[in-house]
Amino acid sequence: MKDIVISGKALKRELWVLLGCLVAAFGVNVYAVLHYSRPAVELVSQVGFTVCTALILYLLCWLVRIVALLVKLLIQKLVKD
């Protein structure tokens, strides 16, 4: 079998995307705490939900990227024919 090699550039890009999703999820959590006048301890106690939200955002990003790639490939195939 052939080994799959992930380049350092691709790995770094994925880590940045994941970090962006984590920052976005944390920002939503901060907004919710401020908006609903909850104590600041909610930021720490809800960190598990924040990580789960970040992972869901990351999966949604992957879904959008896969659909964009498929559309791009379809357009290239249609233009080529």
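Could you give the dipole magnitude of the chain about its Cα centre, charging the beta-carbon of Lys and Arg +1 and that of Asp and Glu -1, in debye to the nearest 20?
That gives a dipole near 380 debye.
Quick one, which of [x] 1.19; [y] 1.05; [z] 1.24 is the actual Rg/Rh (Cα atoms, Kirkwood Rh) calculated for this model?
[x]
Listed highest first by mean packing, meaning other Cβ atoms within 10 Å per residue, what order do 43-51, 5-13 come in?
Top to bottom by mean Cβ count within 10 Å: 43-51, 5-13.
Where does the chain land at 222 nm, in deg cm²/dmol rounded to the nearest 500, when only DSSP H runs of n ≥ 4 count, each adding -39500 (n - 2.57), divided by all residues?
-29000 deg cm²/dmol
Could you tally up the Lys pairs in the chain with alpha carbons closer than 29 Å? Skip any pair fewer than 8 positions apart unless they're on separate chains.
Lysine pairs satisfying the spacing and distance rule in the chain number 7.
Mean-square fluctuation check for the chain, GNM, Cα pairs under 10 Å: which of L15, L70, L57 is largest?
L70
I need the phi-derived Karplus couplings for region 37-48: 6.51 cos²θ - 1.76 cosθ + 1.60, θ = phi - 60°, integer Hz, Gly and Pro marked x.
With the stated coefficients, region 37-48 comes to 6, 9, x, 5, 4, 4, 5, 7, 5, 9, 5, x Hz.
Could you work out the local net charge near S7, counting Lys and Arg as +1, Asp and Glu as -1, over the other residues with Cβ closer than 12 Å to its Cβ?
+2
Quick note: the coordinates plus some simple rules give every number you see, no bench work behind them. Worth saying up front: this structure is predicted, and the values here are computed from it rather than measured. FYI the Cβ positions are ideal-geometry reconstructions off the backbone, even for glycines, and counts take in every protein chain you see.
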